[in-house]
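Chemist: Shown below is the structure under consideration.
The values are calculated or read from the model by the stated rules, or taken from the named source; none is laboratory data. As the structure is a prediction and not an experimental result, all values here were calculated from the model. Here Cβ is always computed from backbone atoms with ideal geometry, including for glycine, and neighbour counts include all displayed protein chains.
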Amino acid sequence: MSVIQETTPSTSALVLFSGGQDSATCLAWALERFERVETVGFDYGQRHLVEMQARQAVRDGMARALPAWAGRLGEDHVIDLTGYGRIAESALTADRKIEMDARGLPTTFVPGRNLIFLVAAAALADRRGLEVLVGGMCETDYSGYPDCRHETMEVMARALSLGLDKPVVIDTPLMWLTKAETWALAHRIGGDGLVELIVEDSHTCYRGDRAHRHAWGYGCGECPACELRAAGYEEWVSAR
């Protein structure tokens, strides 16, 4: 799904890349489509450094999993947003219990995280000459985060287009996919090799658990992120 349609085909993209299942799938999706692909990650004071480590492991493995497009993968960028993370405290940046808050939002919600990420990514893309922003936001299977919604992406693309005085395209290929369909998309793009890379090296667990290995990857198996990933994997495997 693209927000703000292009008038001419784009050849380059900047992938918002966390090293998780969704962003790994989006990176593969972008490599399949664009001639030049760069990645950007954000250090916003995450409690678990394993997320930043997973980014590099997945990037390194992507060239092996998708050798036909390895030459398309360009530079990686990491933006320091630790000051923002201290302001927008959550269970991902502080020692807090994972539960629902008074608004009905999970305490893993980092207020405005995707909005901040998109502004920073758009500024970087502008300076790097990259035409499309690619993100793993998803409205079908998500943890209740309002900044993952399609409507939010539409408004952000419009605001960025006005603020930068040029069309800003945000591609969200997972927006209407279930987690099972996300596994299926990865398999269609890169077969068993890409799926194995995502299982082995990507990281989703909110608790930063890399001690427990499951069929779907590493994680505690109990937090909402693990439960969603595991259920999607089981549904995909059962449907194959």
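Chemist: Being under 15 Å from residue 21 (Cβ atoms) and either touching a residue at least 40 places away in the same chain (Cβ under 8 Å) or touching a Pro at 6+ places or on another chain (Cβ under 9 Å) (or both): is that true of residue 221 here?
Modeler: no
Chemist: Give the residue, chosen from 213, 240, 158, 207, that is more than 27 Å from residue 131 (Cα to Cα) and touching a residue at least 40 places away in the same chain (Cβ under 8 Å).
Modeler: Result: 207 is the single residue among 213, 240, 158, 207 that is more than 27 Å from residue 131 (Cα to Cα) and touching a residue at least 40 places away in the same chain (Cβ under 8 Å).
Chemist: Identify all residues within the range 208-227 that are under 15 Å from residue 198 (Cα atoms), surrounded by 15 or more Cβ atoms within 10 Å (Cβ to Cβ) and touching an Asp or Glu at 6+ places or on another chain (Cβ under 9 Å); write none if there are none.
Modeler: Selection gives 216, 217, 218, 219, 226.
Here's the yes/no breakdown for (1) closer than 23 Å to residue 170 by Cα; (2) within 12 Å of the chain's Cα centre (by Cα); (3) part of a strand (DSSP E or B):
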{"position": "26", "(1), (2), (3)": "yes, yes, no"}
{"position": "40", "(1), (2), (3)": "yes, yes, yes"}
{"position": "53", "(1), (2), (3)": "no, no, no"}
{"position": "61", "(1), (2), (3)": "no, no, no"}
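Chemist: Moving on to the next point. Could you grab me the full set of residues in the range 116-151 that are assigned to a helix (DSSP H, G or I), surrounded by fewer than 19 Cβ atoms within 10 Å (Cβ to Cβ) and at pLDDT 90 or above?
Modeler: Within the range 116-151, 119, 120, 123, 124, 126, 127, 128, 150, 151 qualify.
Chemist: Got at least one residue in the range 206-223 being of a type in the set (Ser, Thr, Tyr), modelled with pLDDT under 95 and in contact with a Cys (Cβ under 8 Å, 6 or more places away or on another chain)?
Modeler: Looking through the range 206-223, at least one residue is of a type in the set (Ser, Thr, Tyr), modelled with pLDDT under 95 and in contact with a Cys (Cβ under 8 Å, 6 or more places away or on another chain).
Chemist: Among (1) touching a Lys or Arg at 6+ places or on another chain (Cβ under 9 Å); (2) not in a helix (DSSP H, G or I), there is one condition residue 184 misses while meeting the rest; what is its number?
Modeler: For residue 184, the failing item is (2).
Let's see how each residue does on (1) surrounded by fewer than 22 Cβ atoms within 10 Å (Cβ to Cβ); (2) within 16 Å of residue 203 (Cα to Cα):
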| site | (1), (2) |
| --- | --- |
| 14 | no, no |
| 23 | no, yes |
| 44 | no, no |
| 49 | yes, yes |
| 53 | yes, yes |
| 70 | yes, no |
